[in-house]
Structures are given as C-alpha cells and as structure tokens.
Amino acid sequence: MDPDSFRGKVLLSVIDKLLIGLAATLVVMYVQSNQREDERLNQERIAVARVVTDVLADQRIKLMKSASDFAGLVNALKPTGIARNATAVRLRGLEQEIRGSIAVLQTIDKARTEATCEPRDNAVLVKFTDSIKDLTLPLLGDGLAPTEAPERLDALLVAYAEVLEFMRCLAVDTVHHEVGHIHDLS
C-alpha cells in the first residue's frame with residue numbers, strides 16, 4: 001500500500017488517531033490510578049488520626065477519673081497520713097490505673113515525629129508519675145505528715161494540669177501530622 005495514496009493517508013490518519021487515543025487513555029488511567037492511591041492513603045491517615053485521638057480521649061477520661069479518685073483518697077487520708085487494708089489496696093489500684101494511662105501516652109508520644117505545641121516532650125508525664133509516687137510511698141509505708149500532704153497534693157494537681165495540656169498537644173500534633181501528609185500528597 002502506498003502511503004501517499006488517499007487510502008494510505010486515511011489509514012495512517014486512523015492509525016495515528018488510534019495511537020494518540022490509546023496514549024491519552026493510558027495517561028488518564030495512570031492519573032486516575034494515582035488519584036485512587038492518594039485517596040486510599042488519605043483515608044488511611046485519617047483513620048489513624050481518628051484512632052489515636054479516640055485513644056487519647058479514652059485515656060483522658062480514664063486519667064481524669066483515676067487522678068480525681070486518687071486525690072480524693074489522699075485528701076481523705078490526710079488526718080492519719082497512712083493507708084491500711086482496703087484503702088491501701090485502693091490506693092495501689094489507682095496508682096496502677098494512672099501508670100497504665102501514662103504508659104499509653106508515652107507510647108503515642110514515641111510515634112510523634114514533630115511537636116508543634118508546648119509541652120514538646122513527655123517530661124510532664126515523668127513529673128506526674130513522680131508526684132503520684134511521692135504520695136503513694138509514704139501513705140503505704142511509714143506515713144505522711146499532715147503538713148506534707150497539702151504540698152504534695154498541690155504538686156500533683158499542678159503536674160496533672162500539665163499532663164492534660166500535654167495530651168491536648170498530642171492530639172493536635174497527631175491531627176497536624178496526618179493532615180499535613182494529606183496536603184503533601186495533593
């Protein structure tokens with residue numbers, strides 16, 4: 001077949017159009033595939049952020065209850081300065097609940113790549129658990145002097161407020177991290 005003939009020119013034109021159409025179709029399919037993959041990654045990141053913020057909300061509720069009960073029990077023990085029998089068991093149980101929540105927060109903090117708000121590190125968690133220990137050990141041991149109890153309880157409440165702020169920062173950083181990745185893909 002002669003490419004200069006009318007039939008040859010029409011045939012070449014049809015072949016060109018088919019090849020161009022095929023190439024355009026492949027490009028569209030590639031772009032759509034990338035968009036679907038980006039959307040899937042975005043959905044995964046959103047799901048991760050939701051799970052982490054749900055865990056943080058759950059731990060906040062648990063910590064609030066445990067810390068409140070702990071402070072109330074310590075306050076009730078001020079006159080005697082010592083925990084015995086069922087009260088000692090309750091005090092240890094509350095301490096363990098608090099330490100469990102703190103451990104979850106430390107785990108979430110380890111996954112945080114960049115802190116965007118204050119406090120930036122988990123030193124407040126250590127300060128809080130030290131305050132818990134400073135109250136628990138004497139109450140379970142030789143006793144806590146009535147004059148020491150208010151000071152230590154105040155230190156615990158200050159540390160607790162810092163922990164709540166730290167939890168807020170963890171939630172904010174989690175959302176910022178995941179949303180930032182979503183915008184990076186766009």
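All of the numbers you see were taken from the coordinates with simple rules; none came from a lab. The model shown is predicted, which means the values in this text are computed figures rather than measured ones. Note that each Cβ is placed from the backbone with ideal geometry, even for glycine, and that neighbours are counted across all protein chains shown.
Observations, loosely collected:
- Those lysines that a straight Cα-Cα span of less than 29 Å connects to Lys78, excepting residues fewer than 8 apart in one chain: Lys62, Lys65, Lys127, Lys133
- Counting beta carbons within 10 Å around each of Met64, Met29, Met167 and listing the fewest first gives the order Met29, Met64, Met167.
- Assuming charge only on the beta carbon of Lys and Arg (+1) and of Asp and Glu (-1), the dipole of the chain about its Cα centre is about 540 debye to the nearest 20.
- Relative contact order (percent, whole number), the chain, Cα cutoff 8 Å, 6+ residue spacing: 31 percent
- Taking every DSSP helix (H) stretch of at least 4 residues in the chain, weighting each as -39,500 (n - 2.57) and dividing the sum by the residue count yields a mean residue ellipticity at 222 nm of -30500 deg cm²/dmol.
- Set the Cα radius of gyration of region 45-117 against 2.2 N^0.38 Å, with N its number of residues, and you get 1.43.
- Of Gly93, Gly21, Gly143, the one that fluctuates the most in a GNM where the chain has Cα springs shorter than 10 Å: Gly21
- Translational D in µm²/s for region 1-52 (Stokes-Einstein at 20 °C, 1.002 mPa s, Kirkwood Rh from C-alpha pairs): 150 µm²/s
- With Cα atoms, 0 to 90° folded angle of helix 123-140 axis to the chain main axis: 30 degrees
- At the listed q of 0.13, 0.15, 0.19 Å⁻¹, the Debye profile of region 70-151, built from one uniform point per Cα, gives log10 I(q)/I(0) equal to -0.48, -0.60, -0.81.
- With bins 5 Å wide beginning at 0, the percent of Cα pairs of region 1-147 falling in each bin runs 2, 8, 11, 12, 9, 8, 7, 6, 5, 4, 4, 3, 3, 4, 3, 3, 2, 2, 2, 2, 1, 1, 0.
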